[in-house]
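*Asks:* Structure in structure tokens, see below.
The numbers here are math on the coordinates, done by the rules we state, and not lab data. Since the model is a prediction, treat every value here as computed from it, not as a measurement. Using ideal geometry, Cβ is built from the backbone for each residue, glycine included, and neighbour counts are taken over all protein chains shown.
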Amino acid sequence: MKKHNFYAGPSILTPYTIQKTADAVLNFADMDLSILEISHRSKQFQAVMDEAQALTKELLQLPDDYHVLFLGGGASMQFCMVPFNLLNKKAAYINTGTWATNAIKEAKIFGEVDVLASSEDTKFNYIPKNFEIPADADYFHFTSNNTIYGTEIRHDFDSPVPVVCDMSSDIFSRVFDPTKYGVIYAGAQKNLAPAGVTIVIVKESLLGHVNREIPTMLDYRTHIKKGSMFNTPPVLPIYSALMTLRYYKEQGGVKEMERRDLEKAAILYDEIDRNKLFRGTVAEEDRSIMNVCFVMNPDYAELEKDFMEFATEQGIVGIKGHRSVGGFRASLYNALPKESVEVLVKAMKDFEAKH
Ligand SMILES: *Cc1c(COP(=O)(O)O)cnc(C)c1O
């Protein structure tokens, strides 16, 4: 049966990515060897790394002094690598969800953390807006898309200090101005590739200003100097990432991805707002176009399990809400076709007609 994959992460990849990855597992670059069993220092893999970095730069229009790294350790590793490399005295964070909370916890190990604003008191159902970024902070950190709660910041900040952004779940879904950022990181398993690699974009001039010794593997300069090949990189996820990047480029780049993502999100939110059985969980102006969280209207709360079963019968998978929110979460990453959103919307309409 055809499946409609709404998992939040790891999550749907383009059929092109899956097919090309499968091909490379069997026979990579006409070497008559699997990509799983060759040296990362071979010229064939070096070409993959070079193209993946170049395409990321091209798709995101990064200026020359920005480096693209492909690192292990997940986005969570960046929660400590960022302060390790950038925090001397004080850093500013906003707390918009679980991932931001985790990032703040790590930063506190390295210095003073000024939490400028938080929406924790209302279960992170909106993005706080009234705060000022202090000019004496070493950097300002935010999470652009809150994967668990379904809120998103879809604009760039004008900041007096370098901006660091966790874009794990919405990178390549919005055209942004890279010059407004100092460091961007994103675990690949939401909008790019299988788990195992994290894209880190670093502006080189920000490095080398902290008064501490940084372990070799946690120092961004190590990976810049060695072109993400200081040690063995996660070769297969990087290969898959390259395939997705090629696909994005061929389809019209980030601008076209954004157009499609906005359209898909509008289709689903319109139905949530129209359908008497359901309601959204977050402030309308802060709704994420990547992770759409919704619950049963209180009058129909007892139908939650039935709807889940009904949706499953239509081939819909991965819409169970995160345990901290409940209800449903439909993730509409770039690789998800509009048709899958239409199937979900039809299921919601048909279920409403039955009740
Ligand atoms: C999934 C996610 C993370 C954690 O990523 P890992 O690669 O599992 O460490 C961090 N931030 C955001 C916004 C996420 O969606």
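*Asks:* How big is the dipole moment of the chain about its Cα centre under a simple scheme where the beta carbon of each Lys and Arg is +1, that of each Asp and Glu is -1, and everything else is neutral? Debye, nearest 20, please.
*Replies:* Details: 39 positive and 47 negative charges, 96 e Å.
It comes to approximately 460 debye.
*Asks:* With the chain treated as a Gaussian network of Cα nodes joined by springs under 10 Å, which of 91, 117, 186 yields the largest mean-square fluctuation?
*Replies:* Judging by the Gaussian network model, the answer is 117.
*Asks:* Per-residue HN-Hα couplings for the stretch 128-145, Karplus 6.51 cos²θ - 1.76 cosθ + 1.60 at θ = phi - 60°, whole Hz, x for Gly and Pro?
*Replies:* Karplus values, whole Hz, x for Gly and Pro: x, 10, 8, 8, 10, 7, x, 6, 9, 7, 6, 6, 10, 10, 9, 9, 6, 10.
*Asks:* With unit charges on the beta carbons (Lys and Arg positive, Asp and Glu negative) and the dipole taken about the Cα centre of the chain, which residue among 31, 97, 115 sits farthest to the positive side?
*Replies:* Result: 31, furthest along the dipole toward the positive end.
*Asks:* What is the magnitude of the charge dipole of the stretch 155-250 about its Cα centre, with +1 placed on the Cβ of each Lys and Arg, -1 on the Cβ of each Asp and Glu, and no other charges, expressed in debye to the nearest 20?
*Replies:* Details: 10 positive and 9 negative charges, 57 e Å.
The dipole of the stretch 155-250 has a size of about 280 debye.
*Asks:* Which percent of Cα-Cα pairs in the chain sits in each 10 Å bin, short to long?
*Replies:* 5, 25, 31, 24, 12, 3, 0
*Asks:* Follow-up question, since we're still on this one. For the stretch 98-197, state which GluC sites (Glu not before Pro) are in a DSSP loop and have at most 10 other beta carbons lying within 10 Å of their beta carbon. Working shown, then result.
*Replies:* Details: sites: 106, 112, 120, 132, 152; in loops: 132.
Filter output for the stretch 98-197: 132.
*Asks:* Anyone know which of 313, 304, 204 comes out most mobile in the 10 Å Cα GNM of the chain?
*Replies:* Highest fluctuation among the options: 313.
*Asks:* Dipole of the chain (Lys/Arg Cβ +1, Asp/Glu Cβ -1, origin at the Cα centre): which of 278, 232, 253 lies farthest to the positive side?
*Replies:* 232
*Asks:* Oh, and also: Output wanted: per-residue J couplings in Hz (rounded whole) for the stretch 174-187, from phi through Karplus 6.51 cos²θ - 1.76 cosθ + 1.60, θ = phi - 60°, x for Gly and Pro.
*Replies:* 8, 6, 10, 8, x, 5, 7, 10, x, 9, 10, 9, 7, x
*Asks:* Taking the chain as a Gaussian network, where each spring joins two C-alpha atoms under 10 Å apart, which residue of 38, 319, 133 fluctuates the most?
*Replies:* 38
*Asks:* For residue 212 and residue 37 in the same chain, what is the full-extension length gain: residue separation times 0.36 nm, less their Cα-Cα distance, in nm?
*Replies:* Values: separation 175, 0.36 × 175 = 63.00 nm, distance 3.84 nm.
Full-extension gain reported as 59.2 nm.
*Asks:* Same structure again: Between residue 47 and residue 108, what is the label-to-label distance in nm when each label sits 7 Å out along the Cα-to-Cβ direction?
*Replies:* 5.0 nm
*Asks:* Could I ask something else about it? Magnitude of the Cβ-charge dipole of the stretch 247-355, K/R +1 and D/E -1, about the Cα centre, nearest 20 debye?
*Replies:* 220 debye
*Asks:* With N set to the residue count of the stretch 198-264, report its C-alpha Rg divided by 2.2 N^0.38 Å to two decimal places. Show your work: numbers first, answer last.
*Replies:* On the way: Rg = 16.6 Å, N = 67, 2.2 N^0.38 = 10.9 Å.
Here the answer is 1.52, to two decimals.
*Asks:* Using a 7 Å offset from Cα along Cα-Cβ at residue 229, what residues in the stretch 26-48 end up with backbone N under 13 Å from the label point?
*Replies:* 39-48
*Asks:* Follow-up question, since we're still on this one. How much net charge surrounds residue 190 when only other residues with a Cβ under 12 Å from its Cβ are counted (Lys, Arg +1; Asp, Glu -1)?
*Replies:* Values: positive: none; negative: 166, 170.
Its environment carries a net charge of -2.
*Asks:* Hey, for a label at residue 136 modelled as a point 7 Å past Cα toward Cβ, could you say which residues of the stretch 69-103 have their backbone N under 20 Å away?
*Replies:* Zone members listed by number: 86-94.
*Asks:* Given labels modelled 7 Å from the Cα in the Cβ direction, how far is it in nm from residue 129 to residue 323?
*Replies:* Simple spin-label model gives 3.5 nm for this pair.
*Asks:* Once fully extended, how much extra length lies between residue 222 and residue 255, figured as 0.36 nm per residue of separation less the alpha-carbon to alpha-carbon distance? Mind showing how you got there, number by number?
*Replies:* Details: separation 33, 0.36 × 33 = 11.88 nm, distance 3.26 nm.
Contour length minus the Cα-Cα distance gives 8.6 nm.
*Asks:* Also, I was wondering about something else. Counting each DSSP H run of 4 or more residues in the chain as -39500 (n - 2.57), what helix-only mean residue ellipticity at 222 nm follows after dividing by all residues, to the nearest 500 deg cm²/dmol? The partial results should precede the final answer.
*Replies:* Numbers: 9 runs with 125 residues, N = 355.
Computed ellipticity for the chain at 222 nm equals -11500 deg cm²/dmol.
*Asks:* For residue 117, enumerate residues with amide H under 5 Å from its amide H, sequence gap 5+ or separate chain, H modeled in the peptide plane.
*Replies:* Amide H neighbours of residue 117: 95.
*Asks:* Residue farthest toward the positive end of the dipole of the chain, with Cβ of Lys/Arg at +1 and Asp/Glu at -1: which of 42, 200, 344?
*Replies:* Comparing the listed Cα positions along the dipole, 42 ranks first.
*Asks:* How do the peptides 6-19, 266-279 rank, highest first, by the average count of neighbouring beta carbon atoms within 10 Å per residue?
*Replies:* Numbers: 6-19: 19.6, 266-279: 16.2.
Final packing ranking: 6-19, 266-279.
*Asks:* Please give the Cα centre distance for the stretch 225-284 versus the stretch 161-185, rounded to the nearest Å.
*Replies:* Between the Cα centre of the stretch 225-284 and that of the stretch 161-185, the gap is 14 Å.
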